[in-house]
1. Report yes if HIS343 is over 27 Å from ALA154 (Cβ atoms) and touching a residue at least 40 places away in the same chain (Cβ under 8 Å), otherwise no.
2. Which ones in region 224-237 are surrounded by fewer than 20 Cβ atoms within 10 Å (Cβ to Cβ) and under 20 Å from ALA193 (Cβ atoms)?
3. So which residues in region 255-284 are of a type outside the set (A, V, I, L, M, F, W, C), surrounded by 16 or more Cβ atoms within 10 Å (Cβ to Cβ) and either on the phi > 0 side of the Ramachandran plot or in contact with a Pro (Cβ under 6 Å, 6 or more places away or on another chain) (or both), if there are any at all?
4. If you scan region 247-272, which residues turn out to be farther than 22 Å from PHE349 by Cβ and within 16 Å of ligand 2 (Cβ to nearest atom)?
5. Go through (1) touching a helix residue (DSSP H, G or I) at 6+ places or on another chain (Cβ under 9 Å); (2) without any contact (Cβ under 8 Å) to a residue 12 or more places away in the chain; (3) farther than 17 Å from ILE216 by Cα one by one and return the number of the condition GLU261 breaks.
6. Report every pair of residues separated by at least 6 positions or lying on different chains whose Cβ atoms are under 7 Å apart, first residue within region 289-306 and farther than 15 Å from GLY247 by Cβ, second acidic (Asp, Glu) and loosely packed, with under 12 Cβ neighbours inside 10 Å.
7. Out of the residues in region 171-190 meeting the condition of being small (Gly, Ala, Ser) and in contact (Cβ under 8 Å) with a residue 40 or more places away in the chain, tell me which one is farthest from ligand 2 (Cβ to nearest atom).
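The values are calculated or read from the model by the stated rules, or taken from the named source; none is laboratory data. Since the structure is predicted, the reported quantities are computational estimates derived from the model, not experimental observations. Note that we place each Cβ from the backbone using ideal geometry, even for glycine, and neighbour counts take in every protein chain shown.
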Amino acid sequence: MVKKIRVALIYGGMSGEHSVSCLTAASVLKAMDPQKYEILPIGIRRDGTWVSGVSDPELLEAAGSGGDVDSSGELVLLGTGEDGRHLYTLSPTGAHSPTAELISSRTNLGSLRRESFDVAFPLLHGPFGEDGTIQGMLEMAGIPYVGSGVFASAAGMDKHYMKVVLEAAGLPVAPYVLVTAKRWRIEPDAVCAEVKERLTYPVFVKPARAGSSLGISKVNRPEELAAAIEFAQATDPKVIVEQGVEGREIECAVLGGHGDESPRASVLGEIVIDSGPGTWYDYETKYIETEGFHMEIPAVVEPGKAERIREMAVQVFEAFECEGMTRVDFFLTKEGEPIVNEHNTIPGFTAVSMYPILWEHTGLSYGALIDELISLALERPVGLR
Ligand SMILES: Nc1ncnc2c1ncn2[C@@H]1O[C@H](COP(=O)(O)OP(=O)(O)O)[C@@H](O)[C@H]1O
Ligand SMILES: [Mg+2]
């Protein structure tokens, strides 16, 4: 019998995208072939404590609709079921310090590596998950993991440095003004004046390091700018004010190549907002009023232009030295110019999310995509590469 690959699925997390991550874990758990993999779920609770995760997709789905990684308490390992999966029971959460727990789980991760798993699969979105922090921890412990390394993750999470890298690579981005917490404290008038001089309304005000549209607002008039900046600061003290772009939202899924092969770009998808003019892809549309949009796959884009966008998506992957995967999101302006909006090193990854569906349409099923990502993670060296 072939030895199973032991995969630590890490989900939950401290960001605003905790629930989304639990749903992703449920989806991935269901799709992974139990003949091929032994799965060790590890949950990170909203307060940052680490617990043994849940193997039951239904419990995870419950966690995704508002609970914590483990729904109501800490999970205690009971034993191993007939199908080889671990069985857990819930116990009430004890009072333990998040820091102490984190430190002990870091140590555990180090020893778990040799004893319990071969590769980690972080399914975390947002800060402290998608931003290089957990990647750094895994690097320190010498553990192979799925997806981008520390730098690509950190730069991909930060909408300010993302633009710095994209611009340096000659890729087009929307103009923006950076508003650090310090600058907003010291010279808010100068910030407003700079926005007035360099951008035209509407503008989008965004927390630099967030996702799922959390903290973002569309601002139509200068009088609303200050409130929007302060609203974004509640999510991240660092904020960017960005030129509003009128255009279609086109996305491309990029998957790393094996060895020296080039990264692979999927067919294109489009996010079509159905709810009328002036609306955008906000948190509500993404997760609550999900009737308000649909995905058009493949996106109807003239073939030459589509090819150009796919090439640009690969350039983004390479500019950041991404690994494994990233989803590159574009605006296609009325003039037909693609502008890079952002890329996500851990994109939405449920079976019905854009990234897996784009690969499905390109010829790679959800299960095969997971296999690819795990094999890419296992074949690359740990440490500097
Ligand atoms: N400059 C812009 N012009 C027009 N719409 C924008 C702009 N920036 C963001 N949006 C809208 O807001 C959504 C979320 O913004 P985005 O930068 O992708 O943040 P997130 O990382 O939260 O997904 C986009 O999908 C788009 O609908
Ligand atoms: Mg986005």
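1. Here the answer is no, as HIS343 does not meet what is asked.
2. Passing the criteria: GLU224, ALA226, ALA227, GLU230, GLN233.
3. Within region 255-284, just GLY256 meets the criteria.
4. Once the filter is applied, which keeps residues that are farther than 22 Å from PHE349 by Cβ and within 16 Å of ligand 2 (Cβ to nearest atom), region 247-272 yields GLY247, ARG248.
5. If we test GLU261 against (1) touching a helix residue (DSSP H, G or I) at 6+ places or on another chain (Cβ under 9 Å); (2) without any contact (Cβ under 8 Å) to a residue 12 or more places away in the chain; (3) farther than 17 Å from ILE216 by Cα, just (1) comes out false.
6. From residues that are farther than 15 Å from GLY247 by Cβ, the pairs are GLY292/ASP274; PHE293/ASP274; HIS294/ASP274.
7. Out of the qualifying residues, it is ALA181.
The rows are residues; the columns are (1) of a type in the set (A, V, I, L, M, F, W, C); (2) closer than 20 Å to VAL54 by Cα; (3) at pLDDT below 85.
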site: LEU102; (1), (2), (3): yes, yes, yes
site: SER111; (1), (2), (3): no, no, yes
site: ASP118; (1), (2), (3): no, yes, no
site: MET137; (1), (2), (3): yes, no, no
site: ALA152; (1), (2), (3): yes, no, no
site: ASP158; (1), (2), (3): no, no, no
site: VAL164; (1), (2), (3): yes, no, no
site: ALA169; (1), (2), (3): yes, no, no
site: LYS182; (1), (2), (3): no, no, no
